[in-house]
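*Asks:* Following this message is one structure expressed as structure tokens.
The values are calculated or read from the model by the stated rules, or taken from the named source; none is laboratory data. The structure presented is a predicted model; accordingly, all values stated were derived computationally and were not measured. Neighbour counts run over all protein chains shown; Cβ positions are idealised from the backbone, glycine included.
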Amino acid sequence: MTPYLNLSGSSGVVAYEIGTDYIRVQFRGADIYIYNHSRPGRIHVENMKQLAMSGRGLGTYINQHVRTLYAHKL
């Protein structure tokens, strides 16, 4: 997984992994959530990929837009 830059310094996100139709997000505490094109949907996943690569806003986006709409929890 790629370490999340956390440019704001206050994110609960620590790492991510991007695939063709999914993003895996690791939060503090080691919980990993998989979001894919089926759940929560392509638009959200693609937005989350961009935020992950920019290092800012991913945790906020998840809290505001997708919350529990993940496909799987590892």
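*Asks:* In region 30-40, how many are in contact (Cβ under 8 Å) with a residue 12 or more places away in the chain and either of a type in the set (G, A, S) or in contact with a Pro (Cβ under 8 Å, 6 or more places away or on another chain) (or both)?
*Replies:* So the first thing to find is which residues in region 30-40 are in contact (Cβ under 8 Å) with a residue 12 or more places away in the chain, and the list is 31-40.
Okay, now just the ones that are also either of a type in the set (G, A, S) or in contact with a Pro (Cβ under 8 Å, 6 or more places away or on another chain) (or both), so 38.
Total satisfying the criteria: 1.
*Asks:* I need every pair where a residue in region 43-59 that is basic (K, R) has its Cβ under 7 Å from the Cβ of a residue that is surrounded by fewer than 20 Cβ atoms within 10 Å (Cβ to Cβ) and modelled with pLDDT of 95 or more, sequence separation at least 6 or different chains.
*Replies:* That search, which allows pairs on different chains as well, returns K49/I18.
*Asks:* Could you list, in sequence order, the residues of region 32-74 that are in contact with a strand residue (DSSP E or B) (Cβ under 8 Å, 6 or more places away or on another chain), modelled with pLDDT of 95 or more and either assigned to a loop (DSSP other than H, G, I, E, B) or more than 21 Å from N6 (Cα to Cα) (or both)? Don't jump to the end; show me each part of the working.
*Replies:* Looking only at region 32-74, we keep the residues that are in contact with a strand residue (DSSP E or B) (Cβ under 8 Å, 6 or more places away or on another chain), and these are 32-37, 44-45, 48-49, 52-53, 58-59, 62, 65-66, 69-74.
Right, trim to modelled with pLDDT of 95 or more and you get 32-37, 44-45, 48-49, 52-53, 58-59, 62, 65-66, 69-73.
Answer for region 32-74, where residues must be in contact with a strand residue (DSSP E or B) (Cβ under 8 Å, 6 or more places away or on another chain), modelled with pLDDT of 95 or more and either assigned to a loop (DSSP other than H, G, I, E, B) or more than 21 Å from N6 (Cα to Cα) (or both): N36, H37, L69, Y70, A71, H72, K73.
*Asks:* What are the residues in region 3-31 that are outside any strand (DSSP E or B), modelled with pLDDT of 95 or more and crowded, with 19+ Cβ neighbours inside 10 Å, if any?
*Replies:* Y4
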